[in-house]
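Down below is the structure, laid out as structure tokens.
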Amino acid sequence: MSQQAAKLAAAQHALRYVEPGTVVGLGSGSTASLFIQLLGERVKQGLKIQGIASSQDSENLARSLGIPITDFTKHQVIDVAIDGADEIGPGMALIKGGGGKLLREKIVASACKRFIIVADDTKLVAQLGTFPLPIEVISMAVPLVDARLRDLGFTPKIRQAKDGSGNYITDEGNVLLDCASSGIVDPEETAAEIRAIVGVVEHGLFLGMAERAIIAGEDGVREVLPSELS
């Protein structure tokens, strides 16, 4: 099974968690986009749901497929959110934000009853940190935050826009630092240290948030619970 086929299989499996009449959190990134496309097909077939998107890109995709979009002024609770991850570590600690949408993704995840990850099996790791940790930062504070992160053992690099126009700017108008490391031994401690830095808006460590992960690979599709990852 190719990586793309695995992503599609995981996204298809996740549809079983979407029930008629519910509010669905729409994630960002390649696997989440496949899920949105599949969900759009179900909506065209008559499924009645509403979506809250975790990025402008996901909202635009959903609208183009006829998925009704709502927001937190109307619904403060999301029934289920489906999203991808860049790394899935022990206890289902996650690194997210490779697509640059981590702040809204975490807001959506924090508001849902059920947060479910869809991914191919290459995202499973024994320790987080091979994938650089994205951290969203107020532009003015970048030099200060950069120095503090280096003190914590990270090597930050300002993310650049794919079109070569300069720094990548998030949906909320901030800068992203992609922080390489030799590995994140204690994600909880690291998350607390990063959050204590003035100028940090949010970080890409999603801890204690995912209920389960739907993982696809050569052996097919399986569901994994946090307790099964050690």
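Here are a few things to note about the model shown:
- Complete set of residues in segment 65-81 that are β-branched (Val, Ile, Thr), over 19 Å from residue 42 (Cβ atoms) and under 20 Å from the mean Cα position of the chain (by Cα): 77
- Test set (1) closer than 22 Å to residue 17 by Cβ; (2) part of a strand (DSSP E or B); (3) open to solvent by less than 40 Å² (accessible area, probe 1.4 Å) - residue 108 fails condition number: (2)
- Single residue of 214, 158, 184, 197 found to be β-branched (Val, Ile, Thr) and either within 30 Å of residue 15 (Cα to Cα) or in the same structural domain as residue 101 (by the TED database) (or both): 214
- Taken over segment 138-157, the criterion of being hydrophobic (A, V, I, L, M, F, W, C) and either loosely packed, with under 11 Cβ neighbours inside 10 Å or touching a helix residue (DSSP H, G or I) at 6+ places or on another chain (Cβ under 7 Å) (or both) is satisfied by 140, 152.
- Failed item, numbered, when residue 197 is tested on (1) open to solvent by 20 Å² or more (accessible area, probe 1.4 Å); (2) out of contact with any strand residue (DSSP E or B) (no Cβ under 7 Å at 6 or more places or on another chain); (3) over 15 Å from residue 102 (Cβ atoms): (1)
- In this structure, residue 33 qualifies as open to solvent by 20 Å² or more (accessible area, probe 1.4 Å), under 15 Å from residue 116 (Cα atoms) and either of a type in the set (S, T, N, Q) or without any contact (Cβ under 8 Å) to a residue 24 or more places away in the chain (or both).
- Condition broken by residue 121, with the remaining ones in (1) surrounded by 21 or more Cβ atoms within 10 Å (Cβ to Cβ); (2) among the charged types (D, E, K, R); (3) touching a helix residue (DSSP H, G or I) at 6+ places or on another chain (Cβ under 9 Å) satisfied: (1)
The values are calculated or read from the model by the stated rules, or taken from the named source; none is laboratory data. All figures in this text were calculated on a predicted structure; none of them were measured in a lab. A quick note on method: Cβ atoms are made from the backbone with ideal geometry, for glycine too, and the neighbour counts reach across all protein chains shown. Ligands, DNA and RNA are stripped out before the accessible areas are found, and what is left, the full protein with its side chains, is counted by its heavy atoms. Shrake-Rupley method; radii C 1.70, N 1.55, O 1.52, S 1.80 Å.
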